[in-house]
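Notes to accompany the following structure.
The values are calculated or read from the model by the stated rules, or taken from the named source; none is laboratory data. Keep in mind the model is a prediction, meaning the values are calculated, not measured. All Cβ positions, glycine included, derive from the backbone under ideal geometry; neighbour counts span all protein chains shown. Protein only, heavy atoms only, side chains kept; ligands, DNA and RNA dropped before computing areas. Shrake-Rupley method; radii C 1.70, N 1.55, O 1.52, S 1.80 Å.
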Amino acid sequence: MNEKVLKTLEYDKIISMLAERAGSEPGRKLCLELRPVSQIDEVKRLQQETFDAVGRLLRNGSISFGGNRMVEASLMRLDKGSSINTEELLNIASLLENAARVKAYGGTGGRFSGTGGRFSGSPKEGPENRPPVPPPVPTPLAPLFEGLTPLNSVSTEIRRCIPAIDEIADDASPGLKNVRRLIKVTQDRIHSRLNSMVNSTYKAYLQDSVVTMREGRYCIPVKAEYKGNVPGMIHDRSSTASTFFIEPSEIVNLNNEIRELEIKEAKEIEIILASLSASCAEHSDEIRTDQSILTQLDHIFARGRLALDMNASSPEYNEDGIINLRKARHPLIDKDKVVPIDIALGSDYDLLVITGPNTGGKTVSLKTLGLLTLMGQAGLMIPALDHSSLSIFDEVFADIGDEQSIEQSLSTFSSHMKTIVNILDNADEHSLCLFDELGAGTDPTEGAALAEAILDNLHKQGIRTAATTHYSELKVYALREEGVCNASCEFNVETLAPTYRLLIGVPGKSNAFAIAGKLGLPSYIIENAKERIGEADESFEDVIAQLEENRVIMEQEKLTIARLKEETQRLKADYDEKKNKLNEQREKILDEAREEALAILSEAKESADEAIRNFRKYGTIQEMENERTKLRNKRDKIRGETGTGHGDGSSVISSHSRPKPSDFRLGESVRIISMGLKGTISSLPDNKGNLFVQCGIMRMQAHMDDIEFIMTDDITGPGIAMGTGKKKGRGNGGNNGRGTGGSGYAGSGLSKASTISIELNLIGCTTDEAIPKLEKYLDDAYLSHLETVRIVHGKGTGALRKAVWDRLKKIKYVKSYRLAEYGEGDAGVTVVTFK
């Protein structure tokens, strides 16, 4: 791909944006070297790599490549047997650590396509019933991640020995540790002696009572007049010559020892660096491979980040010269402001003539077509909707912009012609040619003729071409020539502003008069200009204007039809759903009715058969009457079960009128409707309508609206398992304690009330054993309407009593509790009173 077109279409700016998203210097360098390729297999491979990177960024988050350093020069010296310094070793350690992080990142759910290599079976399936795991499908980046060799032992050893660039750890080797220990001991001895001299022996001779260093040796500052009083070596003096820095003779030997130890320290450090260098040299190939792979991955993930920032997608590729861009956006325009356009070329036509007003978006459309082609062939995703199509081109040629050159004595027209000649000499059927304002810069008549001839030549060769123009002649050429299509940049004549939408198949107007009027040109001049336009030209422009007006109307009607169609489909879906529900309900009701009718008929048949058998069996009317009475009783029982009567032999006095407080008498037999319990009235209704009913040994509270009067001597009746009165959770049973379930105690209230004791003995139980027994006993006692109970816990250490009291505090239905009085059990018994 020629470098000129890369600059013309601003591909270099895209590459700069790509380089900014790389995390390492080698990665940035590789990004800046990225160029479009023309082999379809290579393009698809690059696109798959970018797509894989985008998927990993979305699933696993970002990954840093900042530890990828330039280590090639260091590796070359290692290959020759040389040692490298601490900075170079730390760079290698950083690279290996980065390789370890990246390799771990590559293994987090990204090794396989689809579900990330994980099998997601039903949790209820056992291993024997689970279907076989499908074979893993490696993604494009999986081989790169697997090719990394972190060499953790090498990087760990470097970090252990070299904490920082200018520091070697004491524990790097036993020899270094010993030398540094001796240096510290010797330094302590020197400081001890010098402090003694400073504070006593030579105190009167010193400028300051301090110890200083000169030329790596310990000295003391002596006044110039006393320098002869301090035996030793003079190493320096102050700028005023008032102070001499003297190394006392007593510590000369100690300073010499320090120098010798420092030399040994340097030799030990050389040995350590040589050892680390040799370790790296053994793995120079792996390190070099890691550096190469990290650079490639940094470059690929930079492409992924750029795609995410642009909200880009991967195009579909062909070699047939077909381009179909859906809602394409120029990547250098703010994505919140850019107007997406649809561009098609190469399928029904191979030449696209774009017309429209200045600043209307013609050049941007042309550049978008060319730039997205270059980006796609470089492996970059393009800012367009999914399923956009691009073709592979060997070359992209573009004549865009003013290339006037004073140095070469070229006018605008001449410079354009020079570029066009080069394009015509090199373009073929595998090229994409883009022209902006073809034929401009010269006489309009001649320019239009030249432009038409150039486009016709390219069209006859089957070369994919797009050109912008203001010439009406080219609009006519596109209308009459097969395989050539008009396009225009939309212009709103009401606001006199471009909308930047590209309309395929519609020629555009330049709207020069409208724009000039908007910019302030006097109307009389514009009218004068209109009179000077030829009748044919004016007629052609009117036709174009009429076409544009009809297009806008059709587009609005199309949107209205689409909206109505969508609404119709939604209403139809709602109708079908409701219809299905009604059909299901209808079938359900019919099935239930059939079953009920069948049951009634079966029962009627059985009754009729029984009557016939009895008639044959009994010979007298009296016996038949007795049998009829039994059947009537059976009917009444069935009615009671279905809510139309009572099957217990009782009859309702009044079930249609609401009872009044004056209707109630103490001792009258009643039924609590909501609970199905029978009993006698033990208290008259209060001002709220509440009263108490004695049901066996249980005294229940109910509202008078929930009461019906009955006439029967048997008020025990069948048991109901759940009470719904004021005492929540209490239940009562009947003759045999059977009930209908519910919350709390089911069917055990009356039987439990007859056997419950008023005392619970917990002596001998631990607190863990006692508390559950206590809770159960209190529940039973409360449901049995006992007012007070006794809890026997004994005296002992008092732990059991404390646990009982702690629990009693938290039980809501306990009104109070106290220790028993003298004669009731004293401190060994707690008396509990219920609410």
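Taking the charge dipole of region 177-239 about its Cα centre, with +1 at Lys and Arg Cβ atoms and -1 at Asp and Glu Cβ atoms, the residue from TYR205, HIS235, TYR218 reaching farthest to the positive side is TYR218. With 10 Å bins beginning at zero, the pair-distance distribution over Cα atoms of region 165-241 amounts to 16, 40, 23, 16, 5 %. Of the listed residues LYS13, LYS688, the order by accessible area with a 1.4 Å probe, largest first, is LYS688, LYS13.
Distant-in-sequence amide contacts of GLY232, defined by a placed amide H-H separation under 5 Å and a gap of 5 or more residues or a different chain, comprise SER249. With each label modelled as a point 7 angstrom along the Cα→C-beta vector, the GLU587-GLU668 pair spans 5.3 nm. With a Förster radius of 35 Å applied to the C-beta separation of SER683 and GLU824, the computed FRET efficiency comes to 0.65. Rolling a 1.4 Å probe across the protein heavy atoms gives region 311-372 an accessible surface of 40 Å² per residue. Close amide-amide hydrogen proximity is noted between LEU677 and ILE672, each under 5 Å apart and 5 or more residues distant or on a separate chain (H modeled in the peptide plane; Pro and chain starts excluded). Applied to region 229-237, the Karplus parametrisation 6.51 cos²θ - 1.76 cosθ + 1.60 on θ = phi - 60° returns per-residue 3J(HN,Hα) values of 7, 10, x, x, 9, 8, 9, 6, 9 Hz, with x for Gly and Pro. A full extension of the chain between LYS810 and HIS430 corresponds to an added length of 128.0 nm, given 0.36 nm per residue minus the alpha carbon distance.
When only the Cβ of Lys, Arg, Asp and Glu is charged (+1, +1, -1, -1), the dipole of region 177-234 relative to its Cα centre reaches about 380 debye. For THR412 and ARG563, what is the calculated FRET efficiency with R₀ set at 60 Å and r taken between the beta-carbons, to the nearest 0.05? Once the sixth-power term is evaluated, E becomes 0.80. Placing +1 on the Cβ of every Lys and Arg and -1 on the Cβ of every Asp and Glu, with nothing else charged, gives region 135-219 a dipole about its Cα centre of roughly 580 debye.
For SER313, the residues 5 or more places off, or on other chains, whose built amide H falls under 5 Å of its own are ILE382, ALA384. Of the trypsin sites (Lys or Arg not before Pro) found in region 265-367, the ones in coil according to DSSP and having at most 16 other Cβ atoms within 10 Å of their Cβ are LYS335, LYS337. With both labels modelled 7 Å from their Cα along Cα-to-Cβ, the ALA274 to GLU531 distance reads 10.3 nm.
Can you sort MET213, MET310 by 1.4 Å-probe accessible area, starting with the largest? Walk me through the intermediate numbers first.
Working: MET213 85, MET310 15 Å².
Ranked list, largest accessible area first: MET213, MET310.
Placing dummy labels 7 Å off each Cα toward the beta-carbon, the span from ARG658 to SER62 is 7.2 nm. Look at the dipole of region 221-336 built from charges on Cβ: of LEU276, ILE323, LEU294, the Cα furthest out on the positive end belongs to ILE323.
Farthest toward the positive end of the dipole of region 319-439, out of GLY376, VAL364, VAL396, is the Cα of VAL364, where the dipole comes from beta carbon charges about the Cα centre.
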